[in-house]
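What follows draws every value from the coordinates through simple rules; no lab data is involved. This one's a predicted model, so the numbers in the text were calculated from it and none came from an experiment. In this analysis, Cβ positions are derived from the backbone assuming ideal geometry, glycine residues included, and neighbour counts consider all displayed protein chains.
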Amino acid sequence: DSGALAWSSAEREAYANDLGDERALIAVSAASNRSKADQDPATWLPPAAGYRCQYATDWVADKTRWGLSIDTGEEAALSKTLSNCPNAPVTVTLAR
């Protein structure tokens, strides 16, 4: 849905195992992982409100890093979340 449909298996593997950006793979509890599943920010945000700015900026950085798109629901949720995050810079090193 985000533009990776035409990716090769090598590109998918690189994305799934991205160790080039510390924000890409974050260890969480099994319960947290299950609650998020494959949801995006339109339908899931971290329960810890104090982490939402970091989560949103990490989401934007990851999408940008890999040249992925966001849908209108994601955009609205990210805009709403980030409106409460003054001075939250997003730095990105492109992966491809």
Pick out which of THR81, THR64, THR72 has the largest mean-square fluctuation in a Gaussian network model of the chain, springs linking Cα atoms closer than 10 Å. THR72
Please report the spacing between the Cα centers of the stretch 41-63 and the stretch 1-40 in Å, no decimals. 14 Å
So, counting K/R as plus one and D/E as minus one, what does the shell of residues with Cβ under 13 Å around THR72 add up to? -4
Residue by residue, what Karplus-based ³J(HN,Hα) values in Hz, rounded to whole numbers, does the stretch 2-18 have, using 6.51, -1.76 and 1.60 with θ = phi - 60° and x for Gly and Pro? 9, x, 9, 4, 8, 5, 6, 5, 5, 5, 4, 5, 4, 5, 5, 10, 5
Tally Lys/Arg at +1 and Asp/Glu at -1 over every other residue whose Cβ is under 9 Å from the Cβ of ALA4; what's the total? -1
Work out how much length ALA95 to ALA48 would gain on full extension: take 0.36 nm times their residue separation and subtract the Cα-Cα distance, in nm to one decimal. 14.0 nm
So what J values fall out for the stretch 42-59 if you push phi through Karplus, 6.51 cos²θ - 1.76 cosθ + 1.60 with θ = phi - 60°, rounded to Hz, Gly and Pro as x? 5, 10, 8, 10, x, x, 7, 4, x, 9, 5, 5, 4, 4, 5, 5, 5, 4
